[in-house]
Amino acid sequence: MTDASLDQTFAQIRADGTHSEIRRAVAVERPIALEFSGVGYAVMMATPTNLEDFATGFALSERLIPGVEAVLGIDVHSRADGDIVRVALAPECGPNLLERVRHRVSESSCGMCGIENLEQALRLLPAVTAQSRADSAALFRGLNALRPLQPLNRATGAVHAAALCSAEGDVFLVREDVGRHNAFDKLIGAMARERRGWDGGFALLSSRCSYELVEKAALANCPLLVTISAATDLALRRAASCDLRVVMLARSDAVLAAHGAA
């Protein structure tokens, strides 16, 4: 497995005009090729950690599988130019895979490259049926607990985190990645592989609330999505369409709940 960060040398230029040489960690970003049942499905730019979780969460988010039990095996192959993650799916997933297959290269900021039409881009989302018991105190507790649990971002300042928080705000799982949606896929995959549910808790993401994060949350039946930055209008409309509660601009002194989410 490739390291998640590498040390590099930089020239530090100060406001007073003085210079010095420093070394600091830089987050690794590599092409990750995802193959499902022998079909090359996507190449994502991602941090090469927790790739089994990533592939599982990605398959769930893409609706390739109905549940983690459809994943029969995962093999990760590292090469000089990237990593290949080969996932064996149950035979009954074959028709759905072939229907959804797309050959694309997607940057970490893009979740729609290769989509052929608007119907594919904005498919109907299932209604969220899970309920969160978290109150405002739990949200602030989760925010405070997450900060020290992001070692890669602390070292590099360049990656996002996605966390599973309990109804009381305890952080149970954290996954990091250069891509906000990759980090969420890793978290969803880790939860599926460990057979964890939301259990009245919530998802906490160190990113803006974009439409693809809303869709991943809905497909994971997440009862409450909390993000550090703001939401887009499409994200809020998609959340309203599937009864997903959204809290955004989560800061240590205040949060902003979308209408009906408080």
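The values are calculated or read from the model by the stated rules, or taken from the named source; none is laboratory data. Note that the coordinates shown come from a computational prediction; the quantities given were computed from them, not determined experimentally. Every residue, glycine as well, gets a Cβ built from its backbone with ideal geometry; the counts of neighbours run over all protein chains shown. What goes into the accessible areas is simple: the full protein's heavy atoms, side chains included, and nothing from ligands, DNA or RNA. Shrake-Rupley method; radii C 1.70, N 1.55, O 1.52, S 1.80 Å.
See the values below:
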{"item": "Distance (nanometres) between label positions extended 7 Å along Cα→Cβ at D199 and A11", "result": "5.3 nm"}
{"item": "Gaussian network model of the chain, springs between alpha carbon atoms under 10 Å - residue of G200, G169, G179 with greatest fluctuation", "result": "G200"}
{"item": "Ranked by how many other beta carbons lie within 10 Å on average, peptides 155-161, 203-209 from highest", "result": "203-209, 155-161"}
{"item": "Long-range Cα-Cα pairs in the chain (distance over 26 Å), rounded percent", "result": "41 percent"}
{"item": "Two-site label geometry, R133 and T232: point separation in nm, points 7 Å out along Cα→Cβ", "result": "3.6 nm"}
{"item": "Over the chain: helical MRE at 222 nm, DSSP H runs n ≥ 4 each giving -39500 (n - 2.57), nearest 500", "result": "-7500 deg cm²/dmol"}
{"item": "Top of Q12, Q150, Q131 by mean-square fluctuation, Gaussian network on the chain, Cα under 10 Å", "result": "Q12"}
{"item": "Segment 138-262 - percent of accessible surface contributed by carbon and sulfur, probe 1.4 Å", "result": "51 percent"}
{"item": "Cα-centred dipole magnitude for the chain, charges only on beta-carbon of K, R (+1) and D, E (-1), debye, nearest 20", "result": "420 debye"}
{"item": "Spin-label model distance (nm) - R100 vs I22, 7 Å beyond Cα toward Cβ", "result": "4.3 nm"}
{"item": "Per residue accessible area of the chain, 1.4 Å probe, in Å²", "result": "47 Å²"}
{"item": "³J(HN,Hα), Karplus 6.51/-1.76/1.60, whole Hz, each residue of segment 168-185, x for Gly, Pro", "result": "8, x, 6, 8, 9, 9, 9, 10, 10, 6, 5, x, 5, 6, 5, 4, 5, 4"}
{"item": "Charge dipole magnitude, Cβ of K and R +1, D and E -1 - segment 165-227, Cα centre, debye nearest 20", "result": "140 debye"}
{"item": "Charge-dipole axis of segment 6-68 as Lys and Arg at +1 and Asp and Glu at -1 on Cβ define it, positive-most pick from P48, L6, G38", "result": "L6"}
{"item": "Span per principal axis, largest first, for the Cα atoms of segment 187-262 (Å)", "result": "32, 28, 19"}
